[in-house]
Amino acid sequence: MGFDTKWMTGPGYLGHFFALIAGALLPFSFAPYNFWPVQILSIAFIYVALKSLTPKQALWRGWWYGLGVFASGVSWVYVSIHVYSHTPMVLAFLMTLFFVAGLAWFFALMTYSFQKWFSQKTLPLLGFAIIWTLFEWLRSWFLGGFPWLYLGDAHIDSWLAGFAPVFGVYGMGFILVLSSTLLMDWQWKQAYRPGIALLVSPWLIGLALTPIQWTTPAENGEIEVAAIQGNIAQERKWLPEEIYPTLEKYRVASEENWQADVILWPETAITVLHHQAKEYLKYLNEQGKKHQSSVITGIPYQQGQEEVHPGAYHNSILALGESSGLYHKQKLVPFGEYVPLPQSWRGLLGFFNIPMSDFLPGESDQAPLQVANDDLQYQIAPFICYDIVYPDHVAGFAKDTGLLVTISNDAWFGHSIGPLQHFDIARMRALENGRYLLRSTNTGITALINHKGQVVERLPQFEYGILKAQAQVMTGNTPFNIWGSWPVLILCFGGLAMLLLRESRYWPSTNSQQTQ
């Protein structure tokens, strides 16, 4: 468009340096900054920065870009490794660097694939959007997945938010990448009108979709909810002398709120195993029934001898009182809730021996929690911490339920930006599924989010408090509940096949210079 960027985007370390900076800017589109336009600049830069490179050079250009993204956006894992797991500072820094450098390979392989397969004659704008979307999807499941910093998650409050209940974050990310590349690569002088139409139309369509009500309030479905934020210091949470004070804190908080239809406690609010708290749980169950209230709490669970995996531990949610059900967390945090190859790691560092770091994931066919009283019967889809960041996992489990609840203990990440990013991801899940979401955490952010992803009420971080609000049980399903991400993925795979077939006609003449 007339601005010479060759000095920033050419081969060599100077180009890699600017790619690192461009990548580091991308997380500023997410919480707590929420300046989403920076995404367009960041993506446009890396797209232009590949033009003069061979596939091998593009591999390293993408790696430096990815290093910037994850070093800027997820290096808060250092807090849990050093502060709360007592790993020496230098070693914690190296472990964090290893983590973000490993994640950067997703971008490296993405840019390599793009430069290897697509030429200027094969609609590179479309190809780049397809490749980006497919690599976001790959990151959601490869080696357990790390679905963090998805482009779409930054658009909970933008015009693109209208697409969330239809196509989810992958579809929103696709539109964002296409918009970014259009700005840099469209032949504006020759075809500015179709260029402007392609650029503006998706945003206007997203805005038009925003007011659509995909789900509807259930009859007599307004309920009173209470979410307790215990604010128990992470370094003391699992100490034996803290067990009774913790149980008393949550019991007293619930006694003061029996008028609520649903009382939600945080992840592992009860710090003893399920079978060790039978009398305490029996009391809560009786009081809940007496007051026609549901108590839903996080609790560690150990399988009995008669169960499938005797002695195995789960990070779980238990429903008592007017609700019933037991849910075991499915999406576990590696090196946080389970240690791969534990015989090789345990004993080397305190980080690999943190409390409750030996969980087993729950089965994929678990039932939602059931709520039944005289006026209203409905199902609750429960999620524990990391569960909520997986869009398709949430959509499948939330289908036909009336309310979402998620519990967490983000105290592991202190005052970093991690818990704030986590909170906005939860907001996006509420919007995608067209349901209210009640969130209870140990140190924050505890909140009620409505079916449009908007915050109804929230508590400040790092303070004890009880959130009281009115929620609405919803009926029906969004398109994303029904189809998940498959429509977007099918279109991307189909588009990829089409472009590769088209490219094969030009391969001998146009790609000979890109075979290194």
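Laboratory data are not the source of any read-out in this text; all were calculated from the coordinates shown. A quick note: this is a predicted structure, and the numbers were derived from the prediction, not measured. FYI the Cβ positions are ideal-geometry reconstructions off the backbone, even for glycines, and counts take in every protein chain you see.
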*Give me the angle, in degrees from 0 to 90, between the Cα long axis of helix 124-139 and the longest principal axis of the Cα atoms of the chain, rounded to the nearest 10.*
30 degrees
*Based on Cα positions only, what radius of gyration and what Dmax would you give for segment 42-95, in angstroms?*
15.7, 46
*Taking the Cβ-Cβ separation of residue 208 and residue 500 as r and a Förster radius of 30 Å, what is the calculated FRET efficiency to the nearest 0.05?*
0.35
*Would you mind giving the three semi-axes, in whole Å and largest first, of the ellipsoid equivalent to segment 201-326 according to its Cα gyration tensor?*
33, 20, 17
*Inter-probe distance in nm under a simple model that places probes 7 Å from Cα toward Cβ, at residue 142 and residue 464*: 4.7 nm
*asked:* Less than 14 Å from a label point 7 Å out along the Cα-to-Cβ axis of residue 493: which backbone N atoms in segment 128-148 qualify, by residue?
replied: 134-135, 137-138
_I'd like the Karplus ³J(HN,Hα) series for segment 51-66: coefficients 6.51, -1.76, 1.60, θ = phi - 60°, whole numbers in Hz, and an x wherever there's a Gly or Pro._
4, 9, 9, 6, x, 5, 5, 5, 4, 6, 4, x, 5, 5, 4, x
*Fully extended, how many nm does the chain gain between residue 21 and residue 367 (0.36 nm per residue separation, minus their Cα-Cα distance)?*
120.0 nm
*Hey, what did the chain get for relative contact order, percent, Cα under 8 Å, at least 6 apart?*
17 percent
*residue 375 to residue 279: extension gain in nm, 0.36 nm per residue of separation minus the Cα-Cα distance?*
31.7 nm
*Rank-order 149-156, 301-308 by packing density, defined as the average count of other C-beta atoms within 10 Å over each peptide's residues, highest first.*
149-156, 301-308
*asked:* Using Cα-Cα distances under 8 Å and only pairs 6 or more residues apart, what relative contact order does segment 371-477 have, in percent?
replied: 23 percent
*With a point put 7 Å past each Cα toward its Cβ, work out how far residue 222 is from residue 415 in nm, to one decimal.*
4.0 nm
*Report, to the nearest 10°, how far helix 278-290 tilts away from the longest principal axis of the Cα atoms in the chain, using its own Cα long axis and a range of 0 to 90°.*
90 degrees
*asked:* Under a crude label model (7 Å from the Cα following the beta-carbon direction), how far is residue 101 from residue 272 in nanometres?
replied: 4.6 nm
*Normalised by the residues of segment 219-287, what does the relative contact order come to in percent, with Cα pairs under 8 Å and at least six apart?*
43 percent
*Restricting the count to DSSP beta bridges whose residues both fall in the chain, what percent are antiparallel, rounded to a multiple of 5?*
65 percent
*Under 18 Å from the Cα of residue 468 - aspartates and glutamates, other chains or at least 8 residues apart*: 222, 224, 255, 256, 261, 457
*Based on alpha-carbon positions alone, could you give the equivalent ellipsoid semi-axes of the chain from the gyration tensor, as √(5λ), descending, whole Å?*
43, 27, 19
*Leading residue at positive end of dipole, the chain (Cβ point charges), from 321, 66, 147*: 66
_Assigned charges on the beta-carbon of Lys, Arg, Asp, Glu; segment 139-232 dipole about Cα centre (debye)_ = 600 debye
*Which pairs in the list 290/399; 329/399; 249/289; 249/282; 399/452 are over 27 Å apart, alpha-carbon to alpha-carbon?*
290/399
